[in-house]
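J.: If you scroll down you'll find the structure; I have some questions about it.
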Amino acid sequence: MKFTNCHLTFLTACFLALTSGLARAQTGANSIKPASGKALCSALTPADFTKAGVPVSVLQPPGSDDNNGAYCVYASKAGKVEFDIFFPAGANAQEISNTERATLGDAGGKYEPVRMDGADRAQISLTADAIIVVRKGKAVFDIGIPKTANSRQQLLALAQIVLVRLKQ
């Protein structure tokens with residue numbers, strides 16, 4: 001069978017429609033919007049943690065000071081599992097930077113920079129607990145999991161999920 005330009009154009013259009021639909025399906029269902037309060041916790045589901053190798057059973061009732069942030073704690077027999085997100089983390093660059101600095105201070109530990117696609121800045125600590133703090137645009141978030149031999153890879157995988165789901 002010989003393909004003509006018309007056939008190739010049609011096949012290309014089908015391929016592009018399929019791949020863009022898959023990308024939307026991956027991010028669309030769990031896209032999070034700024035200032036959505038406790039719904040910000042939907043950026044990481046218990047299934048996301050389990051898939052990354054951090055066994056959690058449920059998201060406990062989220063805490064929130066206002067609609068710009070949420071404190072998400074997950075039930076886990078492995079130890080403390082937490083995801084905190086501030087989106088927007090401030091009204092301007094200085095406020096966002098202050099939120100990032102406060103998050104690093106609250107989480108504790110000795111941090112080292114780590115490169116992540118889609119992040120403006122990411123820092124990881126593998127001291128007592130395993131924690132990553134990430135800034136992307138107007139969002140700042142941290143993820144804390146029990147320290148294991150795989151913590152670094154798990155934190156990077158989980159942070160990447162959040163980066164994809166942020167709607168900026």
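J.: For the stretch 33-165, what's the relative contact order in percent, using C-alpha pairs closer than 8 Å and at least 6 residues apart? Can you show the working numbers first?
T.: On the way: 283 pairs, mean separation 28.6, N = 133.
In percent, rounded to a whole number, it is 22.
J.: Follow-up. In the neighborhood of Thr103, defined by Cβ-to-Cβ distances under 11 Å, what is the net charge if each Lys or Arg adds +1 and each Asp or Glu adds -1? Can you show the working numbers first?
T.: Values: positive: Arg101, Arg135; negative: Asp84, Glu100, Asp106, Asp142.
Combined, the nearby Lys, Arg, Asp and Glu give -2.
J.: What lysines could a cross-link reach from Lys136, if we take a straight Cα to Cα line under 20 Å and drop same-chain neighbours fewer than 8 places away?
T.: Lys33, Lys38, Lys167
J.: Straight-line reach only, C-alpha to C-alpha below 19 angstrom: list the lysines that Lys110 could link to, leaving out same-chain residues fewer than 8 apart.
T.: By straight Cα distance, Lys110 reaches Lys80, Lys147.
J.: Could you let me know the centre-to-centre spacing of the stretch 37-60 and the stretch 105-168, using Cα atoms, in angstrom?
T.: 15 Å
J.: How much net charge surrounds Glu82 when only other residues with a Cβ under 10 Å from its Cβ are counted (Lys, Arg +1; Asp, Glu -1)? Before the final figure, lay out the partial values.
T.: Values: positive: Lys80; negative: Asp84, Asp129, Asp142.
Cβ neighbours under 10 Å give a net charge of -2.
Readers should treat all values here as calculations from the given coordinates under stated rules, not as data from a laboratory. Values in this document were obtained by computation on a predicted structure and should not be read as measured data. A quick note on method: Cβ atoms are made from the backbone with ideal geometry, for glycine too, and the neighbour counts reach across all protein chains shown.
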